[in-house]
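Values quoted throughout were computed directly from the atomic coordinates according to the rules given, and no laboratory measurement underlies them. Please read all numbers here as calculations on a predicted model, not as lab measurements. In this analysis, Cβ positions are derived from the backbone assuming ideal geometry, glycine residues included, and neighbour counts consider all displayed protein chains.
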């Protein structure tokens, strides 16, 4: 969609200025795209399409920000909301973890939410480590009884940049472990 939008704007500029599309002034094209809130670089919006307003979402399919160790299986449930369409599950007893690397453009206090499917086979004791500015907090998520929506995990301070992260593991889990998305909502 980004490429189509840019091509359409370039074509309109070419027609208006009566020049081949290859001769459209790139600086003017980029300025026009920025006016239309187009994303032109990862530096401007390192979270792709998952940053909106005061919220940043890191989803399991964002390979630049998610790293897996151990055996994770991609699962899909097209009948539910956006952040649960695909997600990872781990059913092994072999050690496995998944880390979501955060990149924020502003420092501040953020409400942190997790999203995973609600599943009768899920563990009630999933270890989750939240690393934030000045510390880390370990919590236990009950994925059997909560899910299918944003679950508030707490409020934490984060610095701007790629400084925070969340890690889920299967260590001691008494069922399957699910990994989908995390949302960081800046408090005003």
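One table, with the values for the structure above:
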| item | result |
| --- | --- |
| Label of the coordinate-derived value, P(r) over Cα pairs in 10 Å bins from 0, in percent, listed as (1) 9, 32, 28, 16, 10, 5, 1; (2) 6, 19, 22, 23, 18, 10, 1; (3) 8, 34, 37, 17, 3, 0 | (1) |
| Ellipticity estimate at 222 nm from DSSP helix runs (n ≥ 4, -39,500 (n - 2.57)) divided over the chain, nearest 500 | -4500 deg cm²/dmol |
| Gaussian network model of the chain, Cα within-10 Å springs - most flexible of 121, 32, 18 | 18 |
| Relative contact order computed over the chain (Cα-Cα under 8 Å; 6+ residues apart), in percent | 24 percent |
| Packing-based order for 23-29, 164-170, using average beta carbon neighbours within 10 Å, highest first | 164-170, 23-29 |
| Hypothetical label at residue 159: residues of the stretch 93-123 whose amide nitrogen lies under 15 Å (7 Å Cα-Cβ projection) | 102-109 |
| Residue order, fewest to most surrounding Cβ atoms within 10 angstrom, among 88, 100 | 88, 100 |
| Mean-position separation - Cα centroids, the stretch 1-39 and the stretch 108-125, in angstrom | 42 Å |
| Debye equation applied to the C-alpha atoms of the stretch 112-188, log10 I(q)/I(0) at 0.21 Å⁻¹ | -0.91 |
| 0 to 90° range, to nearest 10: angle between helix 26-35 axis and the chain longest Cα axis | 50 degrees |
| Residue with peak Gaussian network fluctuation, the chain [Cα springs, cutoff 10 Å], from 31, 141, 117 | 31 |
